[in-house]
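Structure record follows, encoded as structure tokens.
Nothing in this text is a laboratory measurement; each read-out follows from the coordinates by a stated rule. In this text the structure is predicted, and so the values were computed from the model without any measurement. Cβ coordinates were reconstructed from backbone atoms using ideal geometry, including for glycine residues, and neighbour counts include every protein chain displayed.
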Amino acid sequence: MSRLNKALERIKTRESSNPNALRSGSGFKTAGTTNINDPLGKQIHKVRLNDSVMHTNHLITKQVDPAVRTSYKMLRTRILHAMHANGWRSLAITSASQGDGKTVTAINLAISLAGDVNHNVCLVDLDLRHSSIARYLDLSAKYGVSDCLIDNLPVEKALIRPHIDRLFILPNIRHVMNSSELLSSPAMHELSALLSADPNRIIIYDMPPILAADDMLAFNKNTDAILFVVAEGVTRRTDTVRARELMDELNVIGTVLNQSDEKTATYY
């Protein structure tokens, strides 16, 4: 877990000045045809996102600071390089605690990845106790991923296609307390496999903080790699150390240092 050392050192420095195993995936490809059973290959109603709300929520829009857009493009390039090299197609994003910016990172990374014409992207809200993707994007959704897992709702009824090309969103509307049981269930495994039907798709899972519940550990078998988010001046060093210990045997692809004044705040 030496990849977290830089982030830890920055957190340690900030606090001192202010007292207050790799496994191969399912094979990413750059060409291919969509499986006829792929739910994203069906007609899904397209909605237009509210750029003003997105801008207020620090999401990528035409009005975003060019430096922010560039930072996410750099993150996208590094993520794609690692995923191509290892045959990975799914990425879980987590943090130590709430408020570290993992959901904003997940949404912005998904938008940035969708900007690459070689694949499409599906962003899935699996923070089932504190779901927020729909709120951040100001989405009026009737169904969500919980309905698919609990009531066997066809996933295409919960999927949303925003006006951003090559991007699909599977939000969560119903908050559930037995989240780790759902995330380790056969239904979740089947849903993950269904979303992976297209070999040209990258799936981004927004997960709960790793210290908040055992959800990330329960879900780990369904994803190829993990991206860990820490926030400068927010994430406590002790929480990052605890999170590092829990992820010691997990496949962490890298660490994003959020809310940093550095030009490049991604450490691998």
query: Which Cα, out of ALA114, SER185, SER146, lies furthest along the positive dipole direction of the range 79-197 (beta carbon charges, K/R +1, D/E -1)?
result: ALA114
Summed residue charge, Cβ within 12 Å of SER184's Cβ, Lys/Arg positive, Asp/Glu negative: -2
task: Sort GLU245, GLU156 so the one with the fewest other Cβ atoms within 10 Å of its own Cβ comes first.
output: GLU245, GLU156
task: For every other residue with a beta carbon closer than 9 angstrom to the beta carbon of MET207, add +1 if it is Lys or Arg and -1 if Asp or Glu, then tell me the sum.
output: -2
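Give, as a single signed number, the net charge of other residues whose beta carbon lies under 9 Å from the beta carbon of ASP38, with Lys and Arg counted +1 and Asp and Glu -1.
Numbers: positive: LYS42, ARG201; negative: ASP198.
After counting each charged neighbour, the total is +1.
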Hits among aspartates and glutamates - C-alpha to C-alpha of LYS102 under 14 Å, sequence gap 8 or more where chains match: ASP125, ASP127, ASP206, GLU232
- prompt: What ranking, highest mean first, results for peptides 209-215, 125-131, 49-55 when packing means the other Cβ atoms within 10 Å averaged over each residue?
  reply: 125-131, 209-215, 49-55
statement: Taking a ≥ b ≥ c as the square roots of the eigenvalues of the Cα gyration tensor, with a/c under 1.5 meaning rounded and otherwise prolate when a/b exceeds b/c and oblate if not, the range 80-123 is oblate
- request: Could you line up ILE173, ILE111 from fewest to most neighbouring Cβ atoms inside 10 Å?
  value: ILE173, ILE111
- prompt: By average Cβ neighbour count within 10 Å, what is the ranking of 185-195, 64-74 from highest down?
  reply: 185-195, 64-74
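Looking at the square roots a ≥ b ≥ c of the eigenvalues of the Cα gyration tensor of the range 136-268, which shape do they give, rounded for a/c under 1.5, prolate if a/b is larger than b/c, or oblate? Each step should come with its number before you reach the end.
Details: a/c = 1.80, a/b = 1.45, b/c = 1.24.
Because a/c hits 1.5 or more and a/b exceeds b/c, the range 136-268 counts as prolate.
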message: Sort ILE164, ILE107 by Cβ crowding within 10 Å, fewest neighbours at the top.
response: ILE164, ILE107
